[in-house]
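A.B. asks: Shown below is the structure under consideration.
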Amino acid sequence: MIPQLGEEEAQAAAEAVRSGWVAQGPRVAQFEQEFAAVVGASQGVAVSSCTTALHLALVALGVKPGDEVVVPSLSFIATANAVRYVGATPVFADVDLATGNLTAETIDAVRTPRTRAVIAVHQGGVPFDTAGLRKAAADWGVELVEDAACAAGSTAYGQPAGTGATLAAWSFHPRKLITTGEGGMVTLDDADRAVRLKRLREHGMNVSAADRHKSSQPVIEAYLETAYNYRMTDIQAAVGLVQLGRLPGLVADRRAKAARYQSLLADIDGLVPVRDPSYGQTNYQSFWVLIEPSFGSSRDDVLTELARQGVSARRGIMAAHLEPAYADVTPGPLPVTERITRDSLILPLHHKLTEDDQNHIVGVLRELARP
């Protein structure tokens, strides 16, 4: 992944610096409003990362020690870590082989009377079945938090991923389609909850720094609850506003390049590239390929040869339950998760990737394929 950053972003950041307002301020408020509109939400709360967005979402829902939260193991470790931040217990569920996402069936297999919430991930930009999971969560009486870290520009049932979510958490890390360097957002449709989330990101203050500075009279703020310092800066938001304007073009470019990969790989036995689910479209934040036994080379051998020939591919999505941080957790069987994390890899996909680059990458894979 290479973020698409240019002179417009540099100028926007410089203007924020020259303004003298570099902390959370008017540009953050504008970015919140514009990003929320793009993803179909009425409220946006900018924060320092998607991890802190997930943490605040669970705090806002009242998840606490003794509660269980179902999460996919097949996700960046922050998804499970956020559950531990509130003292709750992450419970790992398996995923669908084609999408890498939780399903109502895999969640139902591990939920218990202690299940308070589910964090479902739009994995690698592939949207999960929003209609199915939201209905199931409502039927079970559990909360559904949507980890949309990778999903800006993806759609489900004809709407942007995250539209209609109780709480959706987003990432603006440089590996995502749009970036603010570091940063995140919570989007939702509950105005009262958004007010609390904005307090929670700013030490629990009942009056923001921006509102204090706008007042012509002294303002004595109060701190209503123990909270956090999870703010985004105006410099980051200035960059984010420019990046947000690039999003439609970035999605179109990545989808075109993904389609070309799919075409080039179609006749190589044993390679299964990621595709759109029936109910939506992915932004192809990550273009992963599952290697089947018929291919003839292991995933690690493929990564080694790609690296030898100058291709920066990466292992597939991690499985948190296999990491040392979760050695104290004994999950139930997770056969699909373990297969995907063992047998998949992520191919380069970014705005600088040329057709010659793709031809070279696929050529290396073709050479490795079993005759």
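A.B. asks: Give, in nm to one decimal, the length gained when the segment between residue 15 and residue 189 is fully stretched (0.36 nm per residue of separation minus the Cα-Cα distance).
C.D. replies: Numbers: separation 174, 0.36 × 174 = 62.64 nm, distance 3.13 nm.
Stretched out fully, the residue 15 to residue 189 stretch lengthens by 59.5 nm.
A.B. asks: According to the Kirkwood expression over distinct Cα-Cα pairs, how big is the hydrodynamic radius of segment 176-228, in Å?
C.D. replies: Hydrodynamic radius (Kirkwood, Cα only) of segment 176-228 equals 12.9 Å.
A.B. asks: Still on this structure, I have one more. Tell me, what ³J(HN,Hα) does each residue in segment 342-352 have, in order and in whole Hz, if you take phi through Karplus 6.51 cos²θ - 1.76 cosθ + 1.60 with θ = phi - 60° and put x for Gly and Pro?
C.D. replies: Values per residue, Gly and Pro as x: 7, 10, 10, 9, 10, 8, x, 7, 7, 5, 8 Hz.
A.B. asks: A further question follows. For segment 199-285, with equal point scatterers placed on the C-alpha atoms only and solvent neglected, what are the log10 I(q)/I(0) values from the Debye formula at q = 0.15, 0.17, 0.20 1/Å, to two decimals?
C.D. replies: Ignoring solvent entirely, the Cα scatterers give -0.77, -0.84, -0.98.
A.B. asks: Separate question: Of all the C-alpha pairs in the chain, what % are more than 30 Å from each other? Intermediate values should be presented prior to the final figure.
C.D. replies: On the way: 27387 of 68635 pairs.
More than 30 Å apart: 40 percent of the Cα pairs in the chain.
A.B. asks: In cubic angstrom, how much convex hull volume per residue do the alpha carbon atoms of segment 27-120 span?
C.D. replies: For segment 27-120, the hull spanned by Cα atoms encloses 113 Å³ per residue.
A.B. asks: Would you work out which of 184, 217, 286 lies farthest towards the positive end of the dipole of segment 172-321? Charges go on Cβ: Lys and Arg +1, Asp and Glu -1.
C.D. replies: 217
A.B. asks: Still on this model: Roughly speaking, what is the stretch gain from residue 252 to residue 327, that is 0.36 nm per residue apart minus the C-alpha to C-alpha distance, in nm to one decimal?
C.D. replies: Fully extending the segment from residue 252 to residue 327 adds 22.9 nm.
A.B. asks: Report, to the nearest 10°, how far helix 26-38 tilts away from the longest principal axis of the Cα atoms in the chain, using its own Cα long axis and a range of 0 to 90°.
C.D. replies: For helix 26-38, the angle is close to 50 degrees.
A.B. asks: Oh, and also: Measure out, as a whole number of angstrom, how far apart the alpha-carbon centroids of segment 240-319 and segment 100-148 sit.
C.D. replies: 25 Å
A.B. asks: Moving on to the next point. Find out how many positive minus negative residues lie around residue 8, taking Lys and Arg as positive, Asp and Glu as negative, among other residues whose Cβ is under 12 Å from that of residue 8.
C.D. replies: With Lys, Arg at +1 and Asp, Glu at -1, the net is -2.
A.B. asks: Could you tell me how many cubic angstrom of Cα convex hull volume segment 298-371 has per residue?
C.D. replies: Numbers: hull volume 8.8 nm³, N = 74.
Per-residue hull volume (Cα only) is 119 Å³.
A.B. asks: Okay, next question. Which value at 222 nm does the chain reach when only helices count, each DSSP H run of 4 or more adding -39,500 (n - 2.57), with the total divided by all residues and rounded to the nearest 500 deg cm²/dmol?
C.D. replies: Here the helix-only value at 222 nm equals -12000 deg cm²/dmol.
A.B. asks: By its C-alpha gyration tensor, with a ≥ b ≥ c as the square roots of the eigenvalues, how is segment 227-371 shaped: rounded for a/c under 1.5, else prolate for a/b larger than b/c, else oblate?
C.D. replies: Oblate.
A.B. asks: Next question, about the same structure. Quick one: net charge around residue 169, please, counting Lys, Arg +1 and Asp, Glu -1 for every other residue with C-beta under 10 Å from its C-beta.
C.D. replies: Around residue 169, the surrounding residues sum to -2.
A.B. asks: Around residue 89, what is the net charge, scoring Lys/Arg as +1 and Asp/Glu as -1 over all other residues with Cβ under 13 Å from its Cβ?
C.D. replies: +2
A.B. asks: Let me ask something additional. Of all alpha-carbon pairs in segment 135-204, indicate the percentage at a distance above 17 angstrom.
C.D. replies: 53 percent
A.B. asks: Have a look at the DSSP beta bridges in the chain and tell me what percent are antiparallel, nearest 5.
C.D. replies: Antiparallel bridges: around 60 percent, rounded to the nearest 5.
A.B. asks: Follow-up. Counting only the backbone N, which residues of segment 230-258 are under 20 Å from the spot 7 Å out from the Cα of residue 5 toward its beta-carbon?
C.D. replies: Zone members listed by number: 231-251.
A.B. asks: Mind checking the per residue accessible area of the chain for me, 1.4 Å probe, whole number of Å²?
C.D. replies: Each residue of the chain exposes 42 Å² on average to a 1.4 Å probe.
A.B. asks: If you put +1 on each Lys and Arg Cβ and -1 on each Asp and Glu Cβ, how big is the dipole of the chain around its Cα centre, in Debye rounded to 20?
C.D. replies: I would put it at about 460 debye.
A.B. asks: When the accessible area of the chain is computed with all protein chains present and a 1.4 Å probe, what percentage of it is carbon and sulfur?
C.D. replies: Taking all protein chains in place, the chain shows 52 percent carbon and sulfur surface.
A.B. asks: Please pull out the direction-averaged projected area of segment 260-327, using the convex hull of its alpha-carbon atoms, in nm² to one decimal place.
C.D. replies: 6.7 nm²
The values are calculated or read from the model by the stated rules, or taken from the named source; none is laboratory data. The structure presented is a predicted model; accordingly, all values stated were derived computationally and were not measured. Positions of Cβ are generated from backbone atoms using ideal geometry, with glycine treated the same way; all protein chains shown enter the neighbour counts. Note: areas computed on protein heavy atoms with side chains; ligands, DNA, RNA excluded. Shrake-Rupley method; radii C 1.70, N 1.55, O 1.52, S 1.80 Å.
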